[in-house]
Amino acid sequence: MKISPKQYAQTLYDLTMNKSEDEVKEIIAKFVANLKKEGLLNKSKEIIAEFKNIYNQEQKILPVRVISAHKLTKEEKNNLREKLKNKYQVREVELTNQIDPSLQGGFKLIVDENVIDESVAEGMRLLKKALQ
């Protein structure tokens, strides 16, 4: 039976939860050695990505990418984090801010696979479409 990267990631998550740092290091070393033995090191990036998804879900961490025309202030980031925590019922929001001057103002939020576009550029596009 072929084991998927997600199954490997889930196994690694299960093995490392509630372990000390030294125990986790040992578990990971054995896990990697097993992947090498099985000829699966080429799947390590997929396994790591799946592990991060599982970890975030289990720990109620929401990764969010904010694309804005300017760098968000600390206050804007904190306000956004609080709103997203409440909306998505998570413990923590991992916010990364990417600058894109072409937005002219406003922002785009990328949460999971969802894009929430509140940019001036998108507003102008919708207005232009409505006027046609």
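See the values below:
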| read-out | value |
| --- | --- |
| Subset of region 81-123 [more than 16 Å from the chain's Cα centre (by Cα) and among the aliphatic types (A, V, I, L, M)] | 99, 103, 120, 121 |
| Every residue from region 65-77 that is surrounded by 15 or more Cβ atoms within 10 Å (Cβ to Cβ) and either more than 15 Å from the chain's Cα centre (by Cα) or outside the structural domain of residue 96 (by TED's automatic domain parsing) (or both) | 68, 69, 72, 76, 77 |
| Only listed residue being over 19 Å from the mean Cα position of the chain (by Cα) and modelled with pLDDT of 95 or more, chosen from 33, 9 | 33 |
| Candidate set from region 78-110 (those that are within 20 Å of residue 123 (Cβ to Cβ) and hydrophobic (A, V, I, L, M, F, W, C)); member that is surrounded by the most Cβ atoms within 10 Å (Cβ to Cβ) | 107 |
| Inter-residue pairs, beta-carbon under 6 Å, first not assigned by TED's automatic domain parsing to the domain that holds residue 65 and in region 89-118, second hydrophobic (A, V, I, L, M, F, W, C), 6+ apart | none |
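The values are calculated or read from the model by the stated rules, or taken from the named source; none is laboratory data. Since this is a predicted model, take the numbers as computed values, not measurements. Glycine gets a Cβ as well: all are built from the backbone with ideal geometry, and neighbour counts include every protein chain shown.
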